[in-house]
Amino acid sequence: MPHKQVGFTLVELVVVIVIVGLLAVAALPRFLDITNEAKKASVEGVAGGFSTGVLSARAQWEAESRPSISVDSESYNSVNYDGVNFWLTRSRTSSGASTGYRDGYPLAINTGNSSFPTEITADDCIDLMENLLQNPPQVGSVGDANSNSNIKYSAQADGTNATCTYIQQEGGSEHQFVYDARTGRVMVTLQ
């Protein structure tokens, strides 16, 4: 009885290898892009949590009938949110002059009711991130972020425009979000 061989020919094997190679070339860029997409999702999640904290502090202030504190005959908005006292923005001075801000958004930590901040600083931005979020990522100044790889976000302030910019530090990412204390808005920029 003649014995018939069973199996694939060399041509069939080469065709299968070529098809698998083409599929790998088409799918590989998708898999490589997953890391960047995860970084984008991470900064969007942190910014969303930060925005929720900002609005929750403002809601607490509203629920308490807009409490304020007098310092040197000026009235300043303040609220205890989650055990932390915050200075909040105010739209008018005691004499009625416009400040350029909307009422009730976190500006800085209120330690001792003694001095309202004249402008937002990098330390204020760090304090806001650490106290508005329940489990914040590690945040530090730009200098700290350059020397400490454990810092996930660098914080920098623009006192003139009353903004905090938080830049994601992981893997050379330049994704960031900006908190505008004048309006309470949080804006995400993905690079």
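Within segment 87-116, count every residue that is exposed (fewer than 12 other Cβ atoms within 10 Å of the Cβ) and of a type in the set (Val, Ile, Thr).
First, the residues of segment 87-116 that are exposed (fewer than 12 other Cβ atoms within 10 Å of the Cβ): 95-98, 100, 111-112, 114.
So of that shortlist, the ones also of a type in the set (Val, Ile, Thr) come out as 111.
Of the residues in that region, 1 qualify.
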(Q) Against the conditions (1) modelled with pLDDT of 95 or more; (2) part of a loop (DSSP other than H, G, I, E, B); (3) open to solvent by less than 80 Å² (accessible area, probe 1.4 Å), where does Gly7 fall short? Just the number, please. (A) (1)
**Q.** Within segment 156-184, considering residues that are more than 24 Å from Glu37 (Cβ to Cβ) and either without any contact (Cβ under 8 Å) to a residue 40 or more places away in the chain or among the hydrophobic types (A, V, I, L, M, F, W, C) (or both), the one surrounded by the fewest Cβ atoms within 10 Å (Cβ to Cβ)
**A.** Asn161
Q: Could you grab the pairs with beta carbons closer than 6 Å, sequence gap of 6+ or different chains, first residue in segment 131-149 and open to solvent by less than 50 Å² (accessible area, probe 1.4 Å), second one basic (Lys, Arg)?
A: Pro137/Lys152
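Go through Phe31, Phe50 for me and flag whichever is assigned to a helix (DSSP H, G or I) and free of Cβ contacts under 8 Å to residues at least 60 places away in the same chain. Reasoning before the result, please.
Working: Phe50 fails: free of Cβ contacts under 8 Å to residues at least 60 places away in the same chain.
Step by step, each of Phe31, Phe50 is checked, and only Phe31 is assigned to a helix (DSSP H, G or I) and free of Cβ contacts under 8 Å to residues at least 60 places away in the same chain.
Select, from Val79, Val84, Val43, Val71, the only residue that is in contact (Cβ under 8 Å) with a residue 60 or more places away in the chain, surrounded by 14 or more Cβ atoms within 10 Å (Cβ to Cβ) and not polar (S, T, N, Q).
On the way: Val79 fails: in contact (Cβ under 8 Å) with a residue 60 or more places away in the chain; Val84 fails: in contact (Cβ under 8 Å) with a residue 60 or more places away in the chain; Val71 fails: in contact (Cβ under 8 Å) with a residue 60 or more places away in the chain.
Answer to the check: Val43.
Being open to solvent by less than 80 Å² (accessible area, probe 1.4 Å) and out of contact with any Asp or Glu (no Cβ under 8 Å at 6 or more places or on another chain) is the requirement here; does Val20 meet it? Before you say what the answer is, go through the steps one by one.
Working: open to solvent by less than 80 Å² (accessible area, probe 1.4 Å): no; out of contact with any Asp or Glu (no Cβ under 8 Å at 6 or more places or on another chain): yes.
So Val20 does not fit the description; no.
If the requirement is being modelled with pLDDT under 90 and over 21 Å from Leu190 (Cα atoms), which of these qualifies: Leu28, Leu32?
Numbers: Leu32 fails: over 21 Å from Leu190 (Cα atoms).
None of the other options fit; the residue is Leu28.
Would you point out which residue out of Glu12, Glu44 is assigned to a helix (DSSP H, G or I), at pLDDT 90 or above and of a type outside the set (Ser, Thr, Tyr)?
On the way: Glu12 fails: at pLDDT 90 or above.
Exactly one of Glu12, Glu44 is assigned to a helix (DSSP H, G or I), at pLDDT 90 or above and of a type outside the set (Ser, Thr, Tyr), namely Glu44.
Can you spot a residue in segment 175-182 that is under 23 Å from Ala41 (Cβ atoms) and assigned to a loop (DSSP other than H, G, I, E, B)? Steps first, answer last, please.
Pass one, segment 175-182, residues under 23 Å from Ala41 (Cβ atoms): 175-180.
Then drop every residue that is not assigned to a loop (DSSP other than H, G, I, E, B), which leaves 175.
Within segment 175-182 (the criterion being under 23 Å from Ala41 (Cβ atoms) and assigned to a loop (DSSP other than H, G, I, E, B)), the answer is yes, since at least one residue qualifies.
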Q) Take the residues of segment 87-108 that are without any contact (Cβ under 8 Å) to a residue 12 or more places away in the chain and closer than 19 Å to Glu119 by Cα: which is farthest from the chain's Cα centre (by Cα)? A) Ala97
Q) In segment 50-68, how many residues are over 19 Å from the mean Cα position of the chain (by Cα), open to solvent by less than 40 Å² (accessible area, probe 1.4 Å) and among the small types (Gly, Ala, Ser)? A) 0
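The values are calculated or read from the model by the stated rules, or taken from the named source; none is laboratory data. Just so it is clear, the structure is predicted and the values come from calculations on it, not from any experiment. All Cβ positions, glycine included, derive from the backbone under ideal geometry; neighbour counts span all protein chains shown. Surface areas here come from the heavy atoms of the whole protein model, side chains and all, with no ligands, DNA or RNA. Shrake-Rupley method; radii C 1.70, N 1.55, O 1.52, S 1.80 Å.
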